[in-house]
Amino acid sequence: MYGERSNGKQHGVVLTKPEVVKAILDLVGYLSDRDLGKVTILEPASGDGAFVLEIIARLHESSVKFEFDFLAALKNVRLFEIDPTLADLLEANIEALLLALGGYPNPIPIIRSDFLQSPDIKVDFVVGNPPYVRHDNIPEELRKMYRQRFSTFRYRSDLYVPFFEKSLRSLTNGGKLGFICANRWLRNQYGRPLRALISQFYSLDKVIDLSQTHPFQEEVIAYPAVTIMTKRKPLPDAEYYELKDLNALAQINESKIQPLAHLSTQEQDWFAELTLHEHKINCRLGGIEEQGFKIGIGVATGCDRVFVRQDFAGQVEVELLLPMIKSTDLKGDQFAWQGHQFLNPFDAKGKLIDLRNFPRAAQYFESNGESLRKRHVARKKPLSWYRTIDRVDSTLVSKPKILLPDISGNSRIFIDFGQYYPHHNLYYIIGRPIEKLQLLAAMLMSTFVRNQLKAVGTKMNGGYPRWQSQNLRKLKLPIIDAVADKRRAELIGAYARNNLSEIDLIVNELLQTLSEDTHQGQLELFQDHQAAQ
């Protein structure tokens, strides 16, 4: 419904780890040691059953303890799943569990439609992992309808925002919601209507930041947090936690872990207090993407010998070729492009080209058709057999970008000033002007950052750290926008001279001078930057 991600999976489909599911059910109070016989519970985006299988297991255990009719109580479980393949898998998983529990038939109807378009219902609990779908990936006709139906679907809202609103509206008085979801709504502009709604009518009980953990079944960019809310008069503040270990989730419910902060639940205060708290606990350091940069990885083709060559001349239309930079071009602290070209099968809008308009490319692809059609991406979509695994955004060529080979012995961090498309063994960082990229590159060359990278990532033979996206997102650096002009010039100069000792000296001085008396100015700069974004 919302299109395909670069890894071939659908937008909105990111499955949750079992330990997270159990913790959320504990935190909302759906526990097997209480009588669940008449308790209603809803999962608005059920996937393959991560939440509902645990719900059924707890409901069965409760029925044994409190001697109620298990089959009748199962009808109090409400499930939605819009993806037909996942809905079939969900149904099969439920039936398998019920068979294992005692050969019960399956009385739970799976509503195979859009939860956001369904009639309103009332339940005691709503739990789950709502779909994350960026505004641009939501079909226009649905965007128009959601804007009419949901007061929170404003600006460039992600799809999970109306899922919050409709789920909250579904709660009975005293009912609880427990979601694991991207935390961006707590801070950014499109989250303001949702924050205002919660501030008026619901109690935000807990915010548990999981951005330093891996709560999903795959590696995704989501900045996840668990939020627990109750339909009742709003409380003055919410408990705020930041976890580095998923196992600690269970300890929160057992009161073995104390909150790191109490956040005002007045909408206008959430952003400031969350930002202030992060600065305090991180010694006024920030992550790369928190500072407005974007981390990405180059294109995966599935058949480099066809798509990446140095001798395309005369074989394909020249307008389809993009200059490609590979990790082999960045060796020995030297940036030396070897002339590789990438045959791009997508147009400027990211749509697969029509080969009838490109006869040379059509002949070239067909001459390599046997190899291309064997790939998984081609077997999955036979009509698109000549596409690459990843979609291609040709505008990336002209964007200035930091280039980071996955494994590198370079001490130098290179910047492409807008000439090349990166190969899949290169990570890149974009999103801010050249000066900010140079400052970031300099900090990435520092011993302070290299030591972090070695601590959070795996080291290869020779002791080389890996510049992988999951490691890059864990790094903490001084807030670039808070660095004084003089220090910026010194750092950029040291970067230009490739002087590592000078970079280390400047970065260490920055760390020492990031004291409490400069905090407010940094906070204001950081807020201004986020607002501009």
Scanning segment 230-245 for residues that are of a type in the set (A, V, I, L, M, F, W, C), part of a loop (DSSP other than H, G, I, E, B) and open to solvent by less than 70 Å² (accessible area, probe 1.4 Å) gives 243
Practice problem: Using the structure shown, decide if residue 164 is part of a loop (DSSP other than H, G, I, E, B) and crowded, with 21+ Cβ neighbours inside 10 Å. | Solution: no
Note on segment 157-210: residues acidic (Asp, Glu) and closer than 17 Å to residue 123 by Cβ are 165
By residue number, the members of segment 209-237 that are of a type in the set (A, V, I, L, M) and either modelled with pLDDT of 75 or more or on the phi > 0 side of the Ramachandran plot (or both) are 210, 225, 226, 228, 229, 235
With criteria (1) in contact with a strand residue (DSSP E or B) (Cβ under 8 Å, 6 or more places away or on another chain); (2) within 19 Å of residue 381 (Cα to Cα); (3) of a type in the set (Asp, Glu), residue 366 comes up short on (1)
Among the residues that make up segment 370-379, is at least one of them part of a helix (DSSP H, G or I), of a type in the set (A, V, I, L, M, F, W, C), modelled with pLDDT under 95 and surrounded by 16 or more Cβ atoms within 10 Å (Cβ to Cβ)?
yes
Those strands (runs of 3 or more DSSP E) completely within segment 246-358 that have 1 or more residues that are at pLDDT 80 or above and open to solvent by 40 Å² or more (accessible area, probe 1.4 Å) are 294-297, 341-343
Hey, residue 151 assigned to a loop (DSSP other than H, G, I, E, B), open to solvent by 20 Å² or more (accessible area, probe 1.4 Å) and at pLDDT 90 or above or not: yes
Taking segment 324-382 and keeping only residues that are of a type in the set (Gly, Ala, Ser) and closer than 30 Å to residue 399 by Cα, one is left with 327, 332, 336, 339, 348, 350, 361, 362, 378
Pairs returned, first residue in segment 17-39 that is in a helix (DSSP H, G or I), second residue that is basic (Lys, Arg), beta-carbon separation under 7 angstrom, 6 or more apart or interchain, are 25/58; 27/206; 28/176
- request: Determine if segment 188-208 includes at least one residue that is at pLDDT below 85, surrounded by fewer than 17 Cβ atoms within 10 Å (Cβ to Cβ) and assigned to a loop (DSSP other than H, G, I, E, B).
  value: no
Of the residues in segment 464-475, those that are in contact (Cβ under 8 Å) with a residue 60 or more places away in the chain and either closer than 15 Å to residue 438 by Cα or open to solvent by 40 Å² or more (accessible area, probe 1.4 Å) (or both) come to 466, 470, 473, 474
Filtering helices (runs of 4 or more DSSP H) wholly in segment 388-498 for at least 3 residues that are at pLDDT below 90 gives 447-456, 469-472, 485-496
(1) in contact with a strand residue (DSSP E or B) (Cβ under 9 Å, 6 or more places away or on another chain); (2) modelled with pLDDT of 90 or more; (3) within 19 Å of residue 44 (Cβ to Cβ); (4) open to solvent by 10 Å² or more (accessible area, probe 1.4 Å) all hold for residue 158 apart from (2)
Within segment 134-148, residues crowded, with 20+ Cβ neighbours inside 10 Å and part of a loop (DSSP other than H, G, I, E, B) come out as 138
Exactly one of 407, 413 is farther than 17 Å from residue 348 by Cα and either surrounded by fewer than 20 Cβ atoms within 10 Å (Cβ to Cβ) or of a type in the set (D, E, K, R) (or both), and that residue is 407
Picking from 81, 19, 61, 43, the residue that is under 26 Å from the mean Cα position of the chain (by Cα), among the charged types (D, E, K, R) and modelled with pLDDT of 95 or more would be 43
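The values are calculated or read from the model by the stated rules, or taken from the named source; none is laboratory data. Predicted model, so just to flag it, every value in this text is computed and none were measured. Don't worry about glycine lacking a Cβ; one is built from the backbone with ideal geometry, like all the others, and counts go over all protein chains shown. Each accessible area value is taken on the protein alone, full model and side chains, heavy atoms only, with ligands, DNA and RNA left out. Shrake-Rupley method; radii C 1.70, N 1.55, O 1.52, S 1.80 Å.
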